[in-house]
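No value in this document is a laboratory result; all are computed from the given coordinates. Fair warning: this is a prediction, and the values are worked out from it, not measured in the lab. Cβ sites come from the backbone with ideal geometry, for glycine too, and all protein chains shown count toward neighbours.
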Amino acid sequence: MADNPLKFDADREHRIRARAYHLWETEGKPEGRAVEFWERAAELVGMEDSGLTGQIENPIAAGIDPTAPTNVEEAEIQQNLGEFPDRLADQGEWQQTPKAKKGRKGRKAEVPEPTKNA
């Protein structure tokens with residue numbers, strides 16, 4: 001395992017080369033993708049060298065009961081003071097029908113019925 005992954009290490013380079021060659025053979029030996037296979041192999045070798053740093057310990061092996069209840073903070077109920085009943089909210093609401101317009105003598109104007117498009 002190398003201490004610094006940026007420092008040249010002949011053993012690490014050999015392992016990356018061997019892994020890249022194996023990946024290239026597995027993919028059917030395509031041409032023009034050498035950089036892709038090298039980068040994938042370098043990532044895999046880096047994972048091998050990391051020493052399992054990203055894995056979480058098994059709780060059962062640590063003596064912790066995973067079925068035991070955990071403490072959960074209770075949430076406070078808060079009122080939404082930003083919306084008013086006479087206004088449209090920001091949740092996709094819209095005016096369902098057009099408002100009728102008043103005529104000349106205070107009567108409501110007739111709203112024409114929608115026509116069917118064939």
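How long is the gain from residue 101 to residue 61 if the chain were fully straight, where each residue apart is worth 0.36 nm and the alpha carbon distance is subtracted?
On the way: separation 40, 0.36 × 40 = 14.40 nm, distance 7.52 nm.
Between residue 101 and residue 61, full extension yields 6.9 nm more.
Could you sort 10-20, 26-36, 59-69 so that the peptide with the highest average Cβ count within 10 Å comes first and the rest follow in order? Mind showing how you got there, number by number?
Working: 10-20: 14.6, 26-36: 9.5, 59-69: 7.7.
Packing order, densest peptide first, comes out as 10-20, 26-36, 59-69.
Note down the nm distance, to one decimal, between modelled labels 7 Å out along Cα→Cβ at residue 6 and at residue 35.
Calculated label separation equals 2.1 nm.
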